[in-house]
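First the structure, in the form of structure tokens, and then the observations on it.
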Amino acid sequence: MIGVIDCGISNIGSVLNAIEHLGGDVNRVVHPDEVFACKKLVLPGVGSFADAMKKLEETGFSLALQKAVVSDRVPILGICLGMQLMASEGKEGGETLGLGWFPGAVKRLIPSDHGERVPHVGWNQIRILLSHPLLDGIPKEADFYFVHSYTLKAKDSAVVVATCDYCDGVTAVAAKDNIFATQFHPEKSQDHGLKILENFLDWKV
Amino acid sequence: MLKRRLIPKLQLTRAAGGDVYQLVTTIDFGLRIKIGDPVSQAKIYQAQNADELIFLDIDSQGVNEAMVELLKKTTENIFMPITVGGGVRSVNDFQNLLSNGADKVAVNTAVYRTPSLVTEASRVFGVQCVVVAIDFKRSSSGKCEVWVEGGRTSTGRFLKDYAREVEQLGAGELLITSIDRDGSKSGLDIEAITEVSESVGIPVIAGGGCGVAKHFVEGFQAGADAVTAGTFFCHQDQSPMQCRAHIKNAGFPIRMHI
């Protein structure tokens, strides 16, 4: 079973629908104990880093996720804020420690001389730097749907699988071992997005 | 490169106490033309690869079960971003819509009455899902003035100042609609779009008046990040796909090969 973490920080309906549409056995996970019954996990999220991290800690999900993902190496997909929470720390809503799986900080996008608008909203091309099984079948320069103001500034470039050219640079996909995360919304990115979710269902770590 | 967006707008109305929404288009925010079932229409837009959808309850009856049901039904099969608005008044309304399939929530009259709602919602849910919808009319002197309550009440505020103010409050995106041009097919209010998009640093969705593909191009030339239309996509024999070629030929980045 695939468990989608629901601690009230995200629109999880679309993620559940998309995975179901692909034939995946998926459930909403509302209690941290249920995490350990899941073969794979999805951590979606909207909102601000500080508020979301506080919720993860208060509900006990933070501890459960550390055990499942770090010790038991359960495959996990982070989406949008879910990806950002996997960083060492976030700057949104005050400096806050994250789950710490991707060394680095989550910082606000800084517009370049082109005067890009923030938040970064809409369909944008990603640039794939490293091959990854979850990106199988994704064309070079495919467009995905982004909606965010902050991005992961990874300390270790080995985790940066894809980027997106916007403002001072967006980490579009980060991955490490059993962890895969996208800043864009695969569940909202039509065919290419569904392909990534399908790859996640097939993923053997 | 970030693409410009084409956003079909589904204007929804519901008989008082009824549990089913009907899709309509409007002229001058008044006369309503019945189109049909919103879910079927949304499926057509998905097949045509629209970039996003906007659902607006034009009676502003408040966030209710019927809207939640409509959202749930739509998002079962539709995997694209949806903004929902019309009668949103509280952080709870945001929560209710966001947890049932909306990606962004549009607020209009409530922002004028309770500006702190924008700040609060953007703190809780992130600025990226707070869309402030601003309807405007040109006064006799030609100035763009903001109207609320579905275009029935004048605020006496000027569009540009108001846009800047809601950005400061924490809006993540603006949806500006010309009441004069609504349903007219006579083209967008280009000057108003230029004025707003030059004044703010957040994305601007412009709507009201698209009648031919050229009107979308004009909106992007004026600085809009996205153009939305109801009448155009419902009544014309033109789909978002056909529209894209015109926009691409005019030199704007837009999704083509999907």
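The values are calculated or read from the model by the stated rules, or taken from the named source; none is laboratory data. Keep in mind the model is a prediction, meaning the values are calculated, not measured. Every residue, glycine as well, gets a Cβ built from its backbone with ideal geometry; the counts of neighbours run over all protein chains shown.
Sort through A:G94, A:G98, A:G90 and tell me the only one that's closer than 27 Å to B:P81 by Cβ and within 14 Å of chain B (Cβ to nearest Cβ).
Values: A:G94 fails: closer than 27 Å to B:P81 by Cβ; A:G98 fails: within 14 Å of chain B (Cβ to nearest Cβ).
Among A:G94, A:G98, A:G90, only A:G90 is closer than 27 Å to B:P81 by Cβ and within 14 Å of chain B (Cβ to nearest Cβ).
Considering only region A:22-126, give the helices (runs of 4 or more DSSP H) lying wholly within it that have at least 2 residues that are surrounded by fewer than 16 Cβ atoms within 10 Å (Cβ to Cβ).
Working: elements: A:49-59, A:61-65, A:81-84.
In region A:22-126, the matching helices (runs of 4 or more DSSP H) lie at A:49-59.
Of (1) under 23 Å from B:I82 (Cβ atoms); (2) outside any loop (DSSP other than H, G, I, E, B), B:H215 satisfies all except one. Which?
(1)
For (1) modelled with pLDDT of 95 or more; (2) away from every other protein chain (no Cβ under 12 Å); (3) at positive phi, each residue gets a yes or a no:
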residue	(1), (2), (3)
A:V118	yes, no, no
A:R127	yes, no, no
A:E141	no, no, yes
A:A154	yes, yes, no
A:I179	yes, yes, no
A:K188	no, no, no
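For region A:30-58, what are the residues that are within 14 Å of chain B (Cβ to nearest Cβ) and closer than 22 Å to A:L134 by Cα?
Within region A:30-58, A:P44, A:G45 meet the criteria.
Name the residues in region B:120-134 that are surrounded by 23 or more Cβ atoms within 10 Å (Cβ to Cβ) and more than 7 Å from chain A (Cβ to nearest Cβ), would you?
B:A121, B:V130, B:V131, B:V132, B:A133, B:I134
For B:V88, indicate whether it is buried (at least 24 other Cβ atoms within 10 Å of the Cβ), under 18 Å from A:D51 (Cβ atoms) and modelled with pLDDT of 95 or more. Before the answer, list the steps.
Numbers: buried (at least 24 other Cβ atoms within 10 Å of the Cβ): yes; under 18 Å from A:D51 (Cβ atoms): no; modelled with pLDDT of 95 or more: yes.
In short, no.
Quick one: in region B:1-58, of everything that is among the acidic types (D, E) and crowded, with 17+ Cβ neighbours inside 10 Å, which residue is farthest from B:G223 (Cα to Cα)? First the steps, then the outcome.
Taking region B:1-58 first, the residues among the acidic types (D, E) are B:19, B:28, B:37, B:51-52, B:57.
Adding the requirement that they be crowded, with 17+ Cβ neighbours inside 10 Å leaves B:51-52, B:57.
Numbers: B:D51: 18, B:E52: 19, B:D57: 27 Å.
The extreme case among them is B:D57.
Look at region A:139-153 and say how many of its residues are more than 23 Å from B:V127 (Cα to Cα), surrounded by fewer than 20 Cβ atoms within 10 Å (Cβ to Cβ) and in contact (Cβ under 8 Å) with a residue 24 or more places away in the chain. Please lay out each step first, then the result.
Taking region A:139-153 as the starting set, the residues that turn out to be more than 23 Å from B:V127 (Cα to Cα) are A:139-142.
Now drop any that are not surrounded by fewer than 20 Cβ atoms within 10 Å (Cβ to Cβ), which leaves A:139-141.
Remaining after also requiring in contact (Cβ under 8 Å) with a residue 24 or more places away in the chain: A:139.
Count: 1.
Scanning region A:178-205 for residues that are assigned to a loop (DSSP other than H, G, I, E, B) and touching a strand residue (DSSP E or B) at 6+ places or on another chain (Cβ under 6 Å), which turns out nearest to A:K153 (Cα to Cα)? Don't jump to the end; show me each part of the working.
Of the residues in region A:178-205, the ones assigned to a loop (DSSP other than H, G, I, E, B) are A:178, A:183-185, A:189, A:203-205.
Still in the running and touching a strand residue (DSSP E or B) at 6+ places or on another chain (Cβ under 6 Å): A:183-185, A:189.
On the way: A:Q183: 12, A:F184: 15, A:H185: 19, A:S189: 23 Å.
The selected residue is A:Q183.
Applying the selection to region A:1-29, what residues are within 19 Å of B:Q95 (Cα to Cα) and more than 12 Å from every other protein chain (Cβ to nearest Cβ)?
We begin by selecting, within region A:1-29, every residue within 19 Å of B:Q95 (Cα to Cα); these are A:4-17, A:28-29.
Listed by number, the residues that qualify are A:V4, A:I5, A:V29.
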